[in-house]
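Structure first, commentary second.
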Amino acid sequence: MKSAAAVLLLLSVGAVALDAQTNPRVLGGVPQGTATADVMTLGLQQAVDLGLQRNLAIVTGADDVQLARARRLVALNALLPNVEGRVSETVQQLNLETFGLPPIPGIPSIVGPFSVSDARAATSFNVFNLPSIKGWQSARTLEDAARLSYEDLRDQVITAVVQLYIQSLTLSAEGDNIRAQLATAEALYKQAVDQKSAGVAIGIDVLRSQVEVENQKQRLILNTANEEKSRLNLARAIGLPAGQRIQLQPLIDHPQTSRPVEEYLQVAMAHRSDLKSAQRQVQAAELDVSAARSLWLPSVTVDANYGAVGRNPSDSHGTFSVAGGVNFPIYAGTRIKAAKEEAAAELSTRRAAYADLAARIDNEVRSAYLDMQAASDRLKVAEVNQRLADETLEQARDRFAAGVTNNLEVVQAQQTVAAANETLIASRYGLEIARLSVARATGNAGEMVKESTKETK
């Protein structure tokens, strides 16, 4: 069964967890180096920096950008002249009669053998080809889209690393809380034993106290295992060597600032790299449509070559040829019509995807904003509840020590304190998760990390 802290944390994660679900690569990493025997102290900024270097999504995302660049270069090549060189040496013997020449007295019909040396460079290029120009512009726009997608991927990685970091800190804080509750339970057990020895308490009071001690031990065992697993997940996402032990530094508490949701929406629409990438993809699709429509237009090509030819290199002479042409389709079947319809369908799909993404970002920002407000209010209530629970436990212990009541009241108060502390821990880190969710929704996860690690003056 999940503890109250874990449940509240999962409820507050909400929108942030979507990134890990839609792109599971952000949870993987490419380990570098070897593990050391020492415990590695790791801060949030250091963890993020490692994630931006070694996370699996970052490594493969860079390959996607390189692939888009390669496609742009392929499209550009159609507009550039291709120059080829060739050097040949040919030995021939000809029968003139095979060329339709009648026998000529005094001239043998068999000529040769003789050699021909030819060194030549040739080029062919499109002077004007509008579909190729539009295709290159589209590929260049898609390369920009790939770069922007990579920037959004970096934001996803930052979000995932921070989320794993906060979850680990939450479990660590919960472990400290359980240890404190265990110490309290052991003290109450000793008090019950002493009270029974003095004849003030009965055996059931001792048993209740002992059961509470064992309950806290079980909780500590489970929490310790979960804490270690959370650190393993974090280490994997940032590419630490297998088996490397880590110790996390706490986050710096900063006062919560609240701005109108409209400001967050403006920031999101201006900063979200995935939205910019989707916009570039729409522009690329528009260029593809233009390229398909221009397939009916003529294109201008030039073919040229220059070289030296002769019986041997020493007596070679320069020769050249230049040919220009205008090519235009007369009948292309359904090829051009199919290209136009395919480009139009792709444009419609990308426009719909852009509109959907813009609406989703608006929803993410508003939902994250509401979660942040709720988390802030929940933290205030949890602080009051924790203080009241401590006072209740103190009064119950005094009443039991005075013999006014049995320790059932004390055990119940102790459980209330434990639940209040768990809720307080979950509320504190839940607020950090909510802030992270807002930062991710607005495309500013990196700024959130800087604020969480910057010392206040």
**Prompt:** On the given criteria, is residue 324 open to solvent by less than 40 Å² (accessible area, probe 1.4 Å), touching a strand residue (DSSP E or B) at 6+ places or on another chain (Cβ under 6 Å) and part of a strand (DSSP E or B)?
**Reply:** no
Going residue by residue through the range 336-343, is there one that turns out to be open to solvent by 70 Å² or more (accessible area, probe 1.4 Å), over 30 Å from residue 153 (Cβ atoms), over 42 Å from the mean Cα position of the chain (by Cα) and modelled with pLDDT of 90 or more? no
Among helices (runs of 4 or more DSSP H) entirely within the range 202-312, at least 2 residues that are open to solvent by 20 Å² or more (accessible area, probe 1.4 Å) and in contact with a strand residue (DSSP E or B) (Cβ under 6 Å, 6 or more places away or on another chain) occur in 203-237
Conditions (1) at pLDDT 90 or above; (2) more than 44 Å from the chain's Cα centre (by Cα); (3) among the β-branched types (Val, Ile, Thr) -> residue 349 fails only (2)
Using the structure shown, decide if residue 47 is modelled with pLDDT under 90, surrounded by 15 or more Cβ atoms within 10 Å (Cβ to Cβ) and in contact with a helix residue (DSSP H, G or I) (Cβ under 7 Å, 6 or more places away or on another chain). no
Looking across the range 85-143 at residues that are part of a strand (DSSP E or B) and among the aromatic types (Phe, Trp, Tyr), the single one that is most open to solvent (accessible area, probe 1.4 Å) is 128
For the range 220-232, pairs from a residue that is under 18 Å from residue 245 (Cβ atoms) to a residue that is surrounded by fewer than 19 Cβ atoms within 10 Å (Cβ to Cβ) and of a type in the set (Val, Ile, Thr), with Cβ under 7 Å and 6 or more apart or across chains, are 231/246
Picking from 174, 151, 228, the residue that is of a type in the set (D, E, K, R) and closer than 18 Å to residue 417 by Cβ would be 174
Quick count over the range 400-417, residues being in a loop (DSSP other than H, G, I, E, B) and open to solvent by 40 Å² or more (accessible area, probe 1.4 Å), is 4
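The values are calculated or read from the model by the stated rules, or taken from the named source; none is laboratory data. Because the structure is a prediction, the values reported are computed rather than measured. For neighbour counting, all protein chains shown are included, and Cβ atoms are generated from backbone atoms with ideal geometry for every residue, glycine included. Accessible surface is based on the protein model in full, side chains and every heavy atom, while ligands, DNA and RNA are left aside. Shrake-Rupley method; radii C 1.70, N 1.55, O 1.52, S 1.80 Å.
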